[in-house]
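The values are calculated or read from the model by the stated rules, or taken from the named source; none is laboratory data. Just so we're clear, the structure is a prediction, and the values are computed from it rather than from any experiment. A quick note on method: Cβ atoms are made from the backbone with ideal geometry, for glycine too, and the neighbour counts reach across all protein chains shown.
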Amino acid sequence: MATVLITGGTGLVGTQFTDELLNKGYDVIVLTRKARQSSIPNISYAVWDVEKGIIDAEAISKADHIVHLAGAGVADKRWTAERKQEIVDSRTKSAALIVKALNDVPNQVKTVVSASAIGWYGPDTAESKRRGFREDEKADTHFLGETCRLWEESISPVESLGKRLVKFRIGIVLSEKGGALKEFMKPIRFGTAAILSKGSQVISWIHVEDLCRMFMFAIEHEQMRGVYNAVAPHPVTNKELTLQLAQNLRGKFYIPVHVPAFALKLALGEMSVEVLKSATVSNEKIKAEGFTYLYPTIDAALK
């Protein structure tokens with residue numbers, strides 16, 4: 001069976017994707033910063049150090065496909081100037097290291113699948129509300145839009161090395177093991193459904209299992225190239241998501257509370273712009289490739 005090399009393989013999405021690959025019989029190599037042994041058949045670990053420009057050449061030579069998910073968490077810390085630089089560097093420098101390795105090390109890599117994000121897009125316009133942001137839109141000029149532009153540009157040179165490149169602009173990932181959903185759940189567990197500002201901002205989301213299936217789909221469908229939005233067919237408002245989650249967790253026993261925009265700005269700083277932004281993102285391109293969803297609606301996803 002083919003071998004898939006993963007960066008970011010120990011994160012929320014990477015861990016689940018590794019399990020999916022193993023279940024389908026793939027061999028998996030996970031790049032990590034510290035050497036470690038595997039107790040699981042068909043999975044091994046290899047060392048890389050982005051800051052030092054080190055990557056295990058043997059891992060590159062064994063890989064048939066690379067899935068690049070590494071990057072500092074956008075919402076993990078307040079956006080200081082230093083943190084913003086770390087967010088950009090963790091994506092662009094790691095991509096540049098992969099490009100260099102593929103150029104320097106004899107290899108058989110056919111496909112590179114790279115994460116990006118719907119932060120590429122700015123706030124909703126009248127047209128995007130009607131048909132959703134599509135992949136040919138220009139990047140937004142604010143921090144996340146610029147980060148995504150640099151991120152995608154940094155991995156693009158693999159195409160000149162003869163590799164098939166697929167980039168996924170990923171929406172808000174819903175998983176019971178962490179990420180955004182865990183943050184939404186915290187106040188609900190205490191009986192409060194915290195709606196952010198008016199709650200009318202649109203969230204383009206995807207269930208973590210569908211996202212992992214999308215990565216697999218890209219590996220196994222050789223006609224796929226270029227950029228695809230990784231979002232579910234039915235975006236929802238912040239209010240809809242929050243109230244649906246509250247109903248699922250507590251039935252009727254919760255109180256809806258609107259958190260004012262100014263409070264979010266005080267708590268989150270510049271990051272609040274993204275929390276309050278409405279972005280309706282189209283999934284028509286990936287659907288046209290034949291991808292089908294296990295969780296197309298928010299109700300199915302949350303259950």
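Structure notes:
- Residue satisfying condition, being of a type outside the set (A, V, I, L, M, F, W, C) and not in a loop (DSSP other than H, G, I, E, B), within set Glu135, Glu127: Glu127
- Scoring Thr15 on the criteria (1) farther than 23 Å from Leu174 by Cα; (2) hydroxyl-bearing (Ser, Thr, Tyr); (3) within 17 Å of the chain's Cα centre (by Cα) leaves a single failure, condition (1).
- Under the condition of being surrounded by fewer than 23 Cβ atoms within 10 Å (Cβ to Cβ) and either without any contact (Cβ under 8 Å) to a residue 24 or more places away in the chain or farther than 22 Å from Ala139 by Cα (or both), the residues counted in the range 220-244 number 12.
- Of all the listed residues (Gly179, Gly199, Gly145), the sole one being in contact with a strand residue (DSSP E or B) (Cβ under 9 Å, 6 or more places away or on another chain), at pLDDT 95 or above, under 26 Å from Leu241 (Cβ atoms) and of a type in the set (Gly, Ala, Ser) is Gly199.
- Where a residue in the range 245-267 is assigned to a helix (DSSP H, G or I) and its partner, wherever it lies, is of a type in the set (Ser, Thr, Tyr), with Cβ under 6 Å and at least six apart: Ala246/Tyr254; Ala261/Ser197; Leu264/Ser272; Lys265/Ser272
- Criterion: modelled with pLDDT of 95 or more, at negative phi and among the small types (Gly, Ala, Ser) - qualifying residue of Ala75, Ala35, Ala101: Ala101
- Residues (surrounded by fewer than 18 Cβ atoms within 10 Å (Cβ to Cβ) and either under 17 Å from the mean Cα position of the chain (by Cα) or assigned to a helix (DSSP H, G or I) (or both)) located in the range 277-295: Glu284, Lys285, Lys287, Ala288
- Against the test of being surrounded by 21 or more Cβ atoms within 10 Å (Cβ to Cβ), polar (S, T, N, Q) and touching a strand residue (DSSP E or B) at 6+ places or on another chain (Cβ under 6 Å), the options Thr32, Thr7, Thr3 yield a single qualifying residue, Thr7.
- Test result for Glu152, part of a loop (DSSP other than H, G, I, E, B) and under 16 Å from the mean Cα position of the chain (by Cα): no
- Residues (under 30 Å from Val4 (Cα atoms) and touching a strand residue (DSSP E or B) at 6+ places or on another chain (Cβ under 6 Å)) located in the range 116-142: Ser116, Ala117, Ile118, Trp120, Tyr121, Glu135
- Taken over the range 1-21, the criterion of being aliphatic (A, V, I, L, M), closer than 25 Å to Ala101 by Cα and assigned to a helix (DSSP H, G or I) is satisfied by Val13, Leu21.
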